[in-house]
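One structure is given below, encoded as structure tokens.
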Amino acid sequence: MTQTAKSMGERILDNLKLVLADEVVHGHVVLDGPCIRAVGRGRVGLPGAEGCGGDWLMPGFVELHTDNLEKHLVPRPGVAFPAAAAVQAHDAQLLAAGITTACDALAVGDVEADSVRVRSLQAAHAALVEARRAGGLRSDHYLHLRAELPYSGLLPLLEPLLDDPAVRLLSLTDHTPGQRQFRNLQRYAAYYGLPTDTETGYLDELLQARRAQQARYRQAHLQQVLQWGRSRGLCLASHDDTVAADVDEAVACGARICEFPTTLEAAAAARAAGLTIVAGAPNLVLGGSHSGNVAALELARAGCLDVLSSDYVPASLLPALGVLCAQLGWSLPRAVATVSHAPAQALGLQDRGRIGEGLRADLLRVRGSTPDYVAEVWVAGRRLLAQ
């Protein structure tokens, strides 16, 4: 950078370890309004430059699928918290975790018709719309609509939501017990708080009822959802693919993203088909899936991991990067790309996900030797979190 005085509105962040696309360099960045104006090596040494103590500077994290809002809408079983306050708490937690762009995953329908997801959907969406309108969100929020194909009331719930310009991603979900995420009926019953006593035959009856529901609605709903998604140019994702046939169906539907494959077989099929593969960061941090599915680390070892999602724990992204580096020997830039550049590209967001001239100034200052702690966050050049 030329050794000149700063221009009006310019901010220089100096003495940082910059995590760039292919390397980590000691350097500085110049912010000008919402964008990065320049990236340079070495100390800049200008009056007014902000010394950053040799901390790390990373691109802001981009999240394809966060269910975190659900925890704030229902903080305890049977407690429905006001949606506006839940949205604010959710946004604050994302920002603290370094997530500067988020696709809020809203489940449209559920296999169990009276689930929390069904009851909270419209209030959650309305609160997100109002928070966006009022400028009450600090991270950049988009919507990820999760269409539960066997749900009888899916279409009238989904159609009006698709007209929200914030919708960026549409995923095809099917939580019918006995397949995909819930091959294990005991896990299905535990997830929905249902009786698990096998002697009464309750679970067998439930399975038959849910399969009948799937047979009645899934195919017709799939065709309508695909028509709506294509007409709006939405990015499409499959969800919980388990066998190669699941991936084949997703590819035939035009999916570009494979979310949370439950087996290595499905992940390998997705890789062969050229899909972007998303795995859960909590899975990686905890050393395995809480649902008994394939470990994210196994997917990474097999070359079947492109994007990490925080899923239900926003704070899981940063420690997950440490796992990739420590256990697989990945470089830090390669690991960081799974939570920044790769998800941004999957969503078609070309203006973010890297530290580079002309890109959005969505940035994280991170401390610690590994690195370990999010200290400051900039969203579109505005410092919104500082310690």
Odd one out for T370, checked against (1) part of a strand (DSSP E or B); (2) outside the structural domain of A105 (by TED's automatic domain parsing): (1)
Filter result (of a type outside the set (A, V, I, L, M, F, W, C) and in a helix (DSSP H, G or I)) within the range 325-367: Q327, P333, R334, H341, P343, Q345
Test set (1) modelled with pLDDT of 95 or more; (2) crowded, with 19+ Cβ neighbours inside 10 Å - N293 fails condition number: (1)
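Residues are listed down the side, and each one gets a yes or a no for (1) free of Cβ contacts under 8 Å to residues at least 40 places away in the same chain; (2) more than 18 Å from the chain's Cα centre (by Cα); (3) under 23 Å from H26 (Cβ atoms):
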site	(1), (2), (3)
A273	yes, yes, no
G292	no, yes, no
V307	no, no, no
Q327	yes, yes, no
T338	yes, no, no
Any hit, the range 280-298, residues being hydroxyl-bearing (S, T, Y) and over 22 Å from T176 (Cα atoms): no
Conditions (1) in contact (Cβ under 8 Å) with a residue 40 or more places away in the chain; (2) touching a helix residue (DSSP H, G or I) at 6+ places or on another chain (Cβ under 8 Å); (3) crowded, with 24+ Cβ neighbours inside 10 Å; number of the one not met by A80: (3)
Failed item in (1) surrounded by fewer than 17 Cβ atoms within 10 Å (Cβ to Cβ); (2) touching a residue at least 60 places away in the same chain (Cβ under 8 Å); (3) not in a helix (DSSP H, G or I), with T176 passing the rest: (1)
Residue count for the range 230-250, restricted to those that are under 22 Å from C103 (Cα atoms) and either in a helix (DSSP H, G or I) or of a type outside the set (G, A, S) (or both): 10
Verdict on R138 being in a loop (DSSP other than H, G, I, E, B), basic (K, R) and touching a strand residue (DSSP E or B) at 6+ places or on another chain (Cβ under 7 Å): yes
Cβ-Cβ under 9 Å pairs, at least 6 apart or on other chains, the range 196-221 side over 17 Å from E112 (Cβ atoms), far side modelled with pLDDT under 80: D197/L203; T198/L185; T198/Q186; T198/D204
From the options G322, G288, G292, residue that is out of contact with any strand residue (DSSP E or B) (no Cβ under 9 Å at 6 or more places or on another chain) and in a helix (DSSP H, G or I): G322
Candidates A107, A86 - the one that is in a helix (DSSP H, G or I) and not assigned by TED's automatic domain parsing to the domain that holds K17: A86
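The values are calculated or read from the model by the stated rules, or taken from the named source; none is laboratory data. In this text the structure is predicted, and so the values were computed from the model without any measurement. Cβ coordinates were reconstructed from backbone atoms using ideal geometry, including for glycine residues, and neighbour counts include every protein chain displayed.
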